[in-house]
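This report concerns only the one structure given below.
The values are calculated or read from the model by the stated rules, or taken from the named source; none is laboratory data. All values reported here derive from a predicted model rather than from experimental measurement. When we count neighbours, we look across all protein chains shown, and the Cβ atoms used for this are built from the backbone with ideal geometry, even at glycine.
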Amino acid sequence: MEQLNILVIATGYPKLLLDTIEERGHKYTYAKPDDFDMYLSDNPKGYDRIFLYGNPLVASKYDAVITRVGEHRDFAAAVIRHLQMNLGIFCVQSGAAIQTCADKFKAAQIVSKNHLKVPRQIYSMTGRYPAMYVDKLGQLPCILKELQGSKGKGLIILESPLQTNMTLESYYGSSRKFILQEFLANGGTDERHIVCGGKVVCSMRRHAPSNDIRANLSLDGTGEKITPDEETEKFAVDCCNAIPGLNFAGVDVMKVKHGDEEIKYFIEINSNPGQRIISITNHNFFVDLVEFVEKNYKRKGLGKSNAEASLSVLP
């Protein structure tokens, strides 16, 4: 395998990823999104540029871009779009895909459009019609979660009409957007599947602590390694593939028993999945990520037919 020069854009220092790149025999340049400045030329023949640390970035120097973006996603997406569309560098994740994953409802819209099951949910800016919302979701309790929350933050369980009315009233007139979602009674467990290059590379089942319904490891949930069955693996891969230009993500799946049938639901997708699953499964998914780059990096200058051009816009 020839040595590659990989540009890593991350909002934190991704030591394990960088170590993995070196262990695979490649070079890397690490930068944060705010280390870049973009320039658009008035020359119709091109000459658009991007600057890194105040110096022009030479596109031919880099074979691929890997991203680990948890903050400043809109600006990072513009940087990735510039590198991919304007300069023709292969990017594992498109900027639009990262933005879509950060928007819980948009991601669920796209997954649902692709005929994959999602929980019943309502997206609202006002919360003016609580009785109608509860009727559409089936019954109380239901879950309220903010549009761009992460690690289980901004999630509330609504159990009574009074609590529901008062909570939604507090959101009325504010700039905070929220989703109301049906409550899935599954004992406080879900599954996280890491998808890379069209396959599940590692999986875990997460359990909420006894005093919570959230199974996030960041909130003292616990995890165990699992091997997904073929149907679950296909479901997770299909959810990832539904979002153009993603290629690598953590897909959260919840399973609920309905009589003798077990129903799988897409919960959310994370373009920057945490590393705790690596220690739980003893599988370094960054190896799979770098291998994906090794197999695909030559696909440069994909032009308007590239998934990035779609910007994940719903028809």
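A few points about this structure:
- Scanning the stretch 276-295 for residues that are farther than 15 Å from A64 by Cβ and among the charged types (D, E, K, R) yields a single hit, R276.
- For first residues located in the stretch 76-105 and buried (at least 23 other Cβ atoms within 10 Å of the Cβ), partners that are assigned to a helix (DSSP H, G or I) and aromatic (F, W, Y) and lie 6+ apart or on another chain with Cβ distances below 9 Å form the pairs V92/F292.
- Looking across the stretch 7-22, the residues that are surrounded by fewer than 17 Cβ atoms within 10 Å (Cβ to Cβ) and part of a helix (DSSP H, G or I) come down to K15, L16, D19, E22.
- Here G138 meets each of (1) more than 30 Å from I66 (Cα to Cα); (2) in the same structural domain as A242 (by TED's automatic domain parsing) with one exception, condition (2).
- Residue within the stretch 122-132 that is closer than 29 Å to K234 by Cα and not aromatic (F, W, Y) present: yes
- Selection over the stretch 248-300 of residues that are assigned to a loop (DSSP other than H, G, I, E, B), in contact with a Cys (Cβ under 6 Å, 6 or more places away or on another chain) and more than 29 Å from Q121 (Cβ to Cβ) gives a count of 1.
- Cross-chain or 6+ apart pairs with Cβ under 6 Å, the stretch 244-271 first and in the same structural domain as R81 (by TED's automatic domain parsing) and among the aliphatic types (A, V, I, L, M), then crowded, with 21+ Cβ neighbours inside 10 Å and assigned to a strand (DSSP E or B): none
- Of the helices (runs of 4 or more DSSP H) entirely within the stretch 65-131, those holding at least 3 residues that are farther than 23 Å from Q181 by Cβ and aliphatic (A, V, I, L, M) occupy 73-81.
- Among residues of the stretch 239-256, those that are in contact with an Asp or Glu (Cβ under 6 Å, 6 or more places away or on another chain) and of a type in the set (A, V, I, L, M), counted: 2
- Filter result for Y129 (surrounded by fewer than 18 Cβ atoms within 10 Å (Cβ to Cβ) and either within 20 Å of the chain's Cα centre (by Cα) or not aliphatic (A, V, I, L, M) (or both)): yes
- Screening the stretch 167-185 for residues that are modelled with pLDDT under 85 and in a loop (DSSP other than H, G, I, E, B) and picking the one that is surrounded by the most Cβ atoms within 10 Å (Cβ to Cβ) gives K177.
- Some residue of the stretch 53-61 being part of a strand (DSSP E or B) and either within 26 Å of K295 (Cβ to Cβ) or of a type in the set (A, V, I, L, M) (or both): no
- Enumeration of residues in the stretch 132-149 that are in a loop (DSSP other than H, G, I, E, B), touching a residue at least 12 places away in the same chain (Cβ under 8 Å) and either among the aromatic types (F, W, Y) or surrounded by fewer than 13 Cβ atoms within 10 Å (Cβ to Cβ) (or both): G138
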